[in-house]
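The values are calculated or read from the model by the stated rules, or taken from the named source; none is laboratory data. Every value quoted in this text rests on a predicted model; they were computed, and no experiment measured them. All Cβ positions, even for glycine, are placed from backbone atoms using ideal geometry, and neighbour counts span all protein chains on display. The area values use the complete protein model at the heavy-atom level, side chains included, leaving out ligands, DNA and RNA. Shrake-Rupley method; radii C 1.70, N 1.55, O 1.52, S 1.80 Å.
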Amino acid sequence: MLKTCEKCGVTESTRSIEKHHVCGRVWLNQDNPENLIYLCSSCHFMWHNHRDKFFEEWMYFYMKTKYGNLFPILVNGYPISKKWIARIENEMDGGKR
């Protein structure tokens with residue numbers, strides 16, 4: 001079975017598919033499945049070099065759909081420890097955090 005980019009849907013027959021750590025390996029240096037998402041080389045490059053608010057929101061809501069209220073706690077063991085996650089959750093809270 002071909003791997004597929006979870007962002008754009010391209011398969012590994014078209015472009016290389018790479019593991020992306022949602023909260024970064026430095027947090028717990030884990031390759032646990034709940035911290036991994038598969039992105040094609042283009043989407044992975046965009047995340048690390050040219051991402052914007054819309055890409056971050058996509059990642060947040062994609063992971064929320066996948067893991068529900070366990071994201072981001074399941075991923076890194078602590079709620080809201082990444083700035084982009086904190087910003088999105090703050091916006092959802094109406095700026096009350």
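Within region 2-10, is there a residue that is in contact with a Cys (Cβ under 7 Å, 6 or more places away or on another chain), charged (D, E, K, R), open to solvent by 30 Å² or more (accessible area, probe 1.4 Å) and at pLDDT 95 or above?
For region 2-10, residues in contact with a Cys (Cβ under 7 Å, 6 or more places away or on another chain), charged (D, E, K, R), open to solvent by 30 Å² or more (accessible area, probe 1.4 Å) and at pLDDT 95 or above: present.
Can you tell me which residue among Asp52, Asp31, Asp93 is of a type in the set (Asp, Glu), open to solvent by less than 90 Å² (accessible area, probe 1.4 Å), modelled with pLDDT of 90 or more and more than 12 Å from the chain's Cα centre (by Cα)?
From the options Asp52, Asp31, Asp93, the qualifying one is Asp52.
For region 49-64, which positions are part of a helix (DSSP H, G or I) and either touching a helix residue (DSSP H, G or I) at 6+ places or on another chain (Cβ under 6 Å) or of a type in the set (Asp, Glu) (or both)?
Glu56, Glu57, Tyr60
Evaluate the following for Lys66: is it more than 12 Å from the chain's Cα centre (by Cα), within 25 Å of Met92 (Cβ to Cβ) and at pLDDT 85 or above?
Here the answer is no, as Lys66 does not meet what is asked.
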